[in-house]
């Protein structure tokens with residue numbers, strides 16, 4: 001098992017269409033984990049979600065999060081981010097990031113469709129400031 005450098009973990013999490021497993025804190029203190037589409041923007045994780053959904057409500061109440069991105073094939077690898085999220089409903093930012101998420105996960109020809117779907121009314125933009133990174137590859141080596 002080898003610790004990844006910053007350059008390695010940045011390349012790993014931005015490669016292809018890997019999803020992240022987002023963990024947040026429910027009001028009763030229990031964890032909630034769900035797969036998400038995300039982008040890396042400098043030292044931030046960016047994603048969209050429904051304002052009144054479990055993620056949206058709980059992140060607005062308590063912005064703490066962990067996001068795990070992994071490779072599920074040998075020799076296995078993972079990157080774990082921990083941080084605090086800020087919520088925005090700015091329409092221009094929502095459409096911009098919704099489109100970029102659509103491009104990453106569904107292709108450039110579907111940017112407008114996913115900008116409207118993920119950046120439209122009822123959704124929020126989540127910008128998670130990364131405070132800590134744990135990253136390893138070659139876990140089975």
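Each reported figure results from applying straightforward, stated rules to the coordinates on display, with no laboratory input. Remember, predicted model here, so these are calculated numbers, not experimental data. A quick note on method: Cβ atoms are made from the backbone with ideal geometry, for glycine too, and the neighbour counts reach across all protein chains shown.
Computed from the coordinates I sent, Cα extents along the principal axes in Å equals one of (i) 49, 30, 29; (ii) 47, 42, 23; (iii) 65, 29, 29. Tell me the label. Among (i) 49, 30, 29; (ii) 47, 42, 23; (iii) 65, 29, 29, the one derived from this structure is (ii). Projected label points at residue 88 and residue 33, each 7 Å from Cα along the beta carbon direction, are separated by 3.0 nanometres. As I understand it, the value is the acute angle between the Cα axis of helix 91-106 and the longest principal axis of the Cα atoms of the chain; what does it come to in degrees, rounded to 10? Helix 91-106 sits roughly 40 degrees off the main axis of the chain. Shape class of the range 3-51 from the alpha-carbon gyration tensor: prolate, with a/c at 1.5 or above and a/b greater than b/c. Computed over the chain, relative contact order equals 31 percent, with contacts defined as Cα pairs under 8 Å that lie 6+ residues apart.
Going from the fewest other Cβ atoms within 10 Å to the most, the residues 96, 15 appear in the order 15, 96.
Here residue 141 and residue 6 are evaluated by their C-beta separation; at R0 = 25 Å the FRET efficiency comes out at 0.75. Applying 1/(1 + (r/R0)^6) with R0 = 22 Å to the Cβ-Cβ distance of residue 60 and residue 108 gives a FRET efficiency near 0.10.
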